[in-house]
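A short worksheet on the structure shown next.
Every number in this text was worked out from the coordinates using simple rules, so none of it is lab data. As the structure is a prediction and not an experimental result, all values here were calculated from the model. Methodologically, a virtual Cβ is constructed for each residue, glycine included, from the backbone with ideal geometry; neighbour enumeration extends over all protein chains shown.
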Amino acid sequence: MAGSGAAEDRASQSVVYEYLAWAVAWLLIGSFYGTLAAWKFVFPDLLPVEWHSFGRIRPIHTTSIFSGWLSLGLIGLAYLVVCRTSRRPLFSAALARIALWLLNVALLAGLLTLSLGMTRGPVEYREWLAPIAAFFAAGVILNGINIFLTLLWRRTEEIYISNWFILGAFAWAPTLYVVAYLPAFDSGMANVVIQAYFMHVVLGLWFTPLVVGITYWSLPRLLRKPIYSYALGVLAFWANLIFYPLIGAHHFIFAPLPWWLQSTAIALGIGMLIPVIATSANFLLTMRGSWRFIRHEPALWFIMAGALCYALASAQGTLQAFRTANALLHFSNNTIGHAHFTAYGFVSFLLFGAIYGQRLFTAKGPAAPHVRLQFWLSLGGLAIYVVAMTASGVLQGLSWAAERPFIESVAASAPWYLLRAIGGSLMALSHMVLAWNLRLMRPQQQLLPAAAAEPAQ
Ligand code: HEM
Ligand code: HEM
């Protein structure tokens, strides 16, 4: 791109960086609250102030991580992917910045109100008061419009597979939000059904398509060759859309929800293995003949670990939905382990990989040992976290099934809580390394030529 094109391109890249910088800021905030919550299981009297009580910091942790880190990071990279694959700058950098501020205002207001104990109640991941959620939704919709218009005026004939996933995520998000916040569904069993719907659709039709779409760009770009199979990508896109909306009820197996709804959710959880295997196999098979790149490119480590976690953690999800397993595990720490195995091991690792993998901002970037340091801290912390929570979850389930006194399961979990706090602290440390590394990726005057290393499509 030359002349004003280059300036516009630089403006788009600055927007991407701003989203990523804010995403990492919210990751640090969310990690602080997560680490504090984890250590409170070890030292229950730690910071005994109301606004740092467990009930308040837990939703601050989850919303900062989901709506801050994951959503801002994925939107920022979606902008990058859409611009690169359309071979044109962003439709409007100003609109993207307005949207960023709407999202940030919502996140900050959410943090403050939750600290003060102001919440919509025990509705996980939708605890924010409705006006705050409206700000957030407005930000997402503006981003969706911006992405749609950028793609509409693309300079390429086809819509690359990444953009199917990205467009899909932005198309489904408004429905998700409207359904989640409709007052008509705020009470009784309707609230449980909608809670189930929201909880899983936000994971499956927002985070998953965004991160999968982004990886369909970042992985081939790193390897300088096309993705293994475009058809597998299309299969995963449709299968994900067909199976996900109806599996939410697996969060409430044995709850007084219609039995058929629970059975449908369990069956479709098996069906979900189709898009999961199609996607992770596609990523792994793309590496065929290119494993030599892995020695020099730590971004690939994140992507490969992310693809493996997607397959393994989803298989764990399918199994824990079965009634026999769920009866044992539902109320236990096993679910917490699964949540981090997926949201961190799958979504965050692919996101880390995409952040490190693009070399658009600067010719310098962080040194490979610093990226590797983050990788080992993140992976080591995650492994400790997931093993600790899975083991203690199984012990809890067995103890409850044997109808032993509840306190016995608490005592049995104590060493695992300590281990979780250590693993979580390592993850938090790895995020500080990420923040340091990202600082070195600030956009420079001298950018690498935009089209120099686009993925073969
Ligand atoms: C085949 C795919 C998957 C299946 C069948 C599945 C199944 C499940 C089940 C049954 C639960 C509820 C456990 C319980 O409360 O008893 C659950 C919880 C959860 N899953 Fe998955 N899962 C899958 C993939 C994923 C993915 C890809 C993500 C992240 C992007 C994810 C994130 C979560 C989270 C965060 C929770 C905890 C929700 C909560 O109670 O707060 N899962 N999953
Ligand atoms: C920085 C390290 C982290 C630590 C120490 C940490 C710790 C915690 C703790 C203590 C809880 C509450 C568990 C409970 O109720 O017993 C929690 C919940 C949760 N965290 Fe984290 N976390 C960290 C990072 C993350 C990241 C990066 C993500 C997502 C990308 C994440 C996603 C979640 C989710 C989805 C839940 C709700 C789980 C459920 O209810 O099943 N956490 N975390």
Open item on the list: Just want the ordering: Lys364, Lys225, from fewest to most Cβ atoms lying within 10 Å of their own Cβ.
Closed with: Lys364, Lys225
Task: Computed E for Leu95/Ala414 - FRET, C-beta separation, R0 41 angstrom, nearest 0.05 - done: 0.20
Task: Residues of region 103-124 with amide N under 11 Å of a point placed 7 Å along Cα→Cβ from Asn191 - done: 120-124
Task: For region 130-136, Karplus couplings with θ = phi - 60° (6.51, -1.76, 1.60), whole Hz, Gly/Pro x - done: 4, x, 5, 4, 5, 4, 5
- [ ] Rank these for me by crowding, Phe331, Phe135, Phe349, going from fewest to most other beta carbons within 10 Å.
- [x] Phe331, Phe135, Phe349
TODO: State whether region 4-439 is rounded, prolate or oblate according to the following rule on the C-alpha gyration tensor (a ≥ b ≥ c being the square roots of its eigenvalues): a/c under 1.5 gives rounded; otherwise a/b larger than b/c gives prolate, and the remaining case gives oblate.
DONE: rounded
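Mind checking the dipole of the chain: about its Cα centre, +1 per Lys or Arg Cβ, -1 per Asp or Glu Cβ, Debye to the nearest 20? Mind dumping the intermediate values first?
Details: 26 positive and 14 negative charges, 240 e Å.
Computed charge dipole of the chain: roughly 1160 debye.
From the Cα gyration tensor of region 145-274, with a ≥ b ≥ c the square roots of its eigenvalues, which class applies: rounded if a/c is under 1.5, or else prolate if a/b is larger than b/c, or else oblate? Walk me through the numbers before you get to the answer.
Details: a/c = 3.38, a/b = 1.77, b/c = 1.91.
Note, shape of region 145-274 comes out oblate.
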TODO: Within 10 Å, count the other beta carbons around each residue, average over each peptide in 228-239, 255-266, and list them highest first.
DONE: 228-239, 255-266
- [ ] Take Asp45, Asp186 and order them by how many other Cβ atoms sit within 10 Å, fewest up front.
- [x] Asp45, Asp186
Open item on the list: Just to check I understand the Karplus step: with θ = phi - 60° and J = 6.51 cos²θ - 1.76 cosθ + 1.60, what whole-Hz values come out for region 292-307, glycine and proline as x?
Closed with: 4, 5, 5, 4, 9, 10, x, 4, 5, 4, 4, 5, 5, 4, x, 5
